[in-house]
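The values are calculated or read from the model by the stated rules, or taken from the named source; none is laboratory data. Keep in mind that this is a model prediction, so the values were computed, not measured. As a convention, Cβ positions derive from the backbone with ideal geometry for all residues, glycine included, and neighbour counts pool all protein chains shown.
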Amino acid sequence: MPDARRQPMEAGTEQVGDCDAVIVGAGLAGLYMLHRLRGLGLTARVYEAGSGVGGTWYWNRYPGARCDIESMDYSYSFSDALQQEWRWSERYATQPEILRYINHVADRFDLRRDIQFGTRVTAAIFDAVTNRWTIQTDDGERVSAQFCIMAIGCLSTAQTPRFPGLDTFKGEWYHTGNWPHAGVDFTGQRVGVIGTGASGIQSIPIIARQATHLFVFQRTPNFTIPAWNAPLDPEHERHLKANYAEHRRKNRESRAGFVVPVSDTPALEATPDERQRAYEARWARGGFGFTSAFADLSTNEEANETAAAFVRARIRAIVRDPAIAEALSPRDHPIGTKRLPLDTDYYDTFNRDNVTLIDVRKDPIEAITPDGLRTRDAAYALDRIVFATGFDAMTGALLTIDIRGRAGCALQRKWAEGPRTYLGIAVAGFPNLFIITGPGSPSVLSNMIVSIEQHVDWIADCIASLRARDYAAIEATIEAEDGWVAHVNEVANTTLYPKANSWYMGANIPGKPRIFMPYIGGVGAYRKKCDEVAAKGYEGFTLIA
Ligand SMILES: Cc1cc2nc3c(=O)[nH]c(=O)nc-3n(C[C@H](O)[C@H](O)[C@H](O)COP(=O)(O)OP(=O)(O)OC[C@H]3O[C@@H](n4cnc5c(N)ncnc54)[C@H](O)[C@@H]3O)c2cc1C
């Protein structure tokens with residue numbers, strides 16, 4: 001921190017001074033936030049638990065980890081020089097390539113000198129007299145800052161189920177969200193993968209090619225759409241780069257932060273032949289555009305079922321054993337209401353002789369044993385176990401920090417019944433605290449880098465405006481927060497999303513309140529709302545002199 005003024009140490013903690021802003025997290029959000037604050041002339045200090053930049057792309061190094069948004073869209077737009085000079089190699093970038101990109105950004109904009117790696121923020125306490133936050137870390141450091149910005153990620157708290165006996169397992173086990181940096185070679189190993197969400201679906205085909213035998217323990221079958229990944233077409237790259245400004249504008253104004261052809265025809269108004277042709281075309285194109293084939297797929301269950309039935313027919317066409325095909329066929333949620341993965345050869349992997357699918361709904365896992373895993377009906381000898389069991393999404397990382405606002409009120413207490421925010425950015429009773437892609441914003445329902453840039457720009461502009469007008473603090477009003485929470489729920493309830501037991505609903509975490517956490521009103525509409533709030537002098541906020 002360039003201008004830190006050292007202050008007296010208190011018992012057990014080292015006070016390292018003060019700065020204008022503390023940013024927690026050095027993923028895509030934290031890095032861009034740092035860059036913007038520096039541009040405003042603020043001093044900022046970033047704390048990052050990992051030993052490098054990258055966030056998601058630093059931690060999730062499992063085989064097959066790759067972005068599901070096309071690489072030309074999943075990249076920063078804030079610097080034209082950056083977007084012109086960087087060259088992506090594939091339609092969907094791999095984790096190593098994205099991590100190289102993020103490291104390049106950190107170097108290109110000289111960001112590392114304000115980042116403290118290997119340091120976890122444990123507490124953030126607001127002082128209403130000084131209108132400042134005191135941020136405390138796991139190595140006993142304390143720093144005072146006017147603004148505290150949480151860039152800690154929606155999917156950064158890996159969730160490992162507490163099976164009895166895990167500590168007795170003689171082999172090695174891994175979570176996809178905290179993968180060894182040296183990589184793992186599964187050659188000659190009997191491997192169990194637990195979980196068939198997006199990370200499981202990406203890693204299973206690759207692990208299957210290495211392992212002697214792969215056992216896939218599936219609780220919920222998932223719909224997945226082929227990625228049809230390929231080297232990036234140079235002509236496509238040239239065209240996009242020549243029109244990047246316009247392309248990015250369209251992304252920002254779109255529903256999900258990337259542009260796909262969206263049909264305005266309801267599925268139930270099309271004939272069965274028309275529907276078949278539309279689904280076939282979208283399947284052949286691959287990617288998230290599949291669920292935009294008709295206008296009513298996310299709102300009408302009968303319409304949705306036509307798309308779901310198409311995918312189940314595809315599964316039956318790919319998977320040779322009808323019983324396995326049926327076990328892989330989702331029947332308990334509408335398609336698209338859980339995070340829709342993109343895959344490469346996922347269903348086909350179950351045609352391999354060395355792959356066994358175990359339906360743990362029918363035959364539940366009872367324990368991990370020294371030699372593997374035991375279900376109610378069978379024992380499986382395993383050398384390695386991979387937990388592809390996801391994250392305590394959207395609130396997990398925030399609620400592991402002791403965040404205290406006015407009068408010592410703990411965020412954990414305030415959110416005991418589920419997260420409450422204004423615009424997903426701010427929380428009443430927690431002045432000068434900003435959350436990037438927090439619950440109540442489009443976040444995980446969008447191309448996240450678009451949502452990250454929007455939040456960072458909004459926060460930076462807000463801070464600049466406060467400073468220009470000599471305000472010490474900004475705080476969401478309780479009325480604005482209540483109104484926004486009601487709106488987020490109301491919009492969610494017009495869709496099929498709350499019908500699924502998804503991590504969007506907190507359903508993967510025992511005891512977590514069942515609330516649809518992201519805002520589903522669309523990236524473009526949401527941006528407009530945030531801009532209106534700012535244009536009206538930060539409507540719904542109190543400005544404190
Ligand atoms: C496997 C996987 C695939 C994904 N694929 C896509 C995709 O295809 N498209 C898409 O748009 N998004 C995808 N995402 C979402 C992805 O998280 C975002 O796109 C984006 O990378 C989030 O950036 P971030 O900076 O907000 O958070 P993160 O990248 O999660 O970074 C947050 C950082 O904060 C740090 N941190 C957390 N708590 C603390 C603390 N208390 N103290 C210090 N540091 C802390 C973490 O260590 C982490 O490095 C994917 C996520 C995962 C897990």
(message) Step by step: first the residues of the stretch 137-152, then only those that are over 24 Å from the mean Cα position of the chain (by Cα) and small (Gly, Ala, Ser), then the one that is surrounded by the most Cβ atoms within 10 Å (Cβ to Cβ). Which residue is that?
(response) Ala145
(message) If I go through the stretch 119-134 residue by residue, how many of them are among the hydroxyl-bearing types (Ser, Thr, Tyr) and either within 12 Å of the ligand (Cβ to nearest atom) or surrounded by 24 or more Cβ atoms within 10 Å (Cβ to Cβ) (or both)?
(response) 2
(request) Looking only at the stretch 19-58, count how many residues are within 23 Å of Asp402 (Cα to Cα) and surrounded by fewer than 23 Cβ atoms within 10 Å (Cβ to Cβ). (result) 5
(request) Return a yes/no flag: does the stretch 386-401 have any residue that is buried (at least 23 other Cβ atoms within 10 Å of the Cβ) and over 21 Å from Gly27 (Cβ atoms). (result) yes
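Could you list, in sequence order, the residues of the stretch 58-89 that are farther than 18 Å from Val450 by Cα and either in contact with a helix residue (DSSP H, G or I) (Cβ under 7 Å, 6 or more places away or on another chain) or modelled with pLDDT under 95 (or both)?
Correct list: Tyr58, Trp59, Asn60, Arg61, Tyr62, Pro63, Gly64, Ala65, Ser89.
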(request) Select from the stretch 88-113 the residues that are in contact with a Leu (Cβ under 8 Å, 6 or more places away or on another chain) and among the basic types (Lys, Arg) and write down the one among them that is surrounded by the most Cβ atoms within 10 Å (Cβ to Cβ). (result) Arg91
(message) Give me the helices (runs of 4 or more DSSP H) completely within the stretch 309-413, filtered to those with at least 1 residues that are touching a residue at least 24 places away in the same chain (Cβ under 8 Å) and more than 23 Å from Phe223 (Cβ to Cβ), ordered by residue number.
(response) 396-399
(request) Tell me, please, whether a residue that is of a type outside the set (Val, Ile, Thr), crowded, with 16+ Cβ neighbours inside 10 Å, in contact with an Asp or Glu (Cβ under 9 Å, 6 or more places away or on another chain) and modelled with pLDDT of 95 or more can be found in the stretch 170-180. (result) yes
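So how many residues does the stretch 177-224 have that are among the polar types (S, T, N, Q) and closer than 21 Å to Tyr58 by Cα? Spell out the reasoning first.
First, pick out the residues of the stretch 177-224 that are among the polar types (S, T, N, Q): 178, 187, 189, 196, 199, 202-203, 210, 212, 218, 220, 222, 224.
From what is left, the residues that are closer than 21 Å to Tyr58 by Cα are 178, 199, 202-203.
Final tally of qualifying residues: 4.
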(message) Restricting to the stretch 42-77, and then to whatever is within 15 Å of Gly118 (Cα to Cα) and small (Gly, Ala, Ser), can you tell me which residue is nearest to the ligand (Cβ to nearest atom)?
(response) Gly55
(message) One residue is enough: does the stretch 203-212 have a residue meeting the conditions surrounded by fewer than 19 Cβ atoms within 10 Å (Cβ to Cβ), closer than 29 Å to Asp363 by Cα and free of Cβ contacts under 8 Å to residues at least 24 places away in the same chain?
(response) yes
(request) Taking the residues in the stretch 150-193 that are part of a strand (DSSP E or B) and within 16 Å of the ligand (Cβ to nearest atom) as candidates, determine which candidate is nearest to Ala124 (Cα to Cα). (result) Met150
(request) Could you check, for the stretch 135-149, whether at least one of its residues is at pLDDT 95 or above, away from the ligand (no atom under 14 Å from the Cβ), outside any strand (DSSP E or B) and in contact with a helix residue (DSSP H, G or I) (Cβ under 7 Å, 6 or more places away or on another chain)? (result) no
(request) Report yes if some residue within the stretch 1-22 is in contact with a helix residue (DSSP H, G or I) (Cβ under 9 Å, 6 or more places away or on another chain), within 13 Å of the ligand (Cβ to nearest atom), at pLDDT 95 or above and not in a helix (DSSP H, G or I); otherwise report no. (result) no
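Looking only at the stretch 369-395, count every residue that is within 30 Å of Lys170 (Cβ to Cβ) and within 29 Å of the chain's Cα centre (by Cα) and tell me the total.
Qualifying residue count, the stretch 369-395: 9.
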(request) Residue by residue through the stretch 280-308, note down the ones that are aliphatic (A, V, I, L, M) and within 13 Å of Ala267 (Cα to Cα). (result) Ala293, Ala295, Leu297, Ala303, Ala307, Ala308
(request) Please go through the stretch 258-295 and pick out each residue that is closer than 20 Å to Ile69 by Cα and outside any helix (DSSP H, G or I). (result) Phe258, Val259, Val260, Pro261, Val262, Ser263, Gly286, Gly287, Ala293
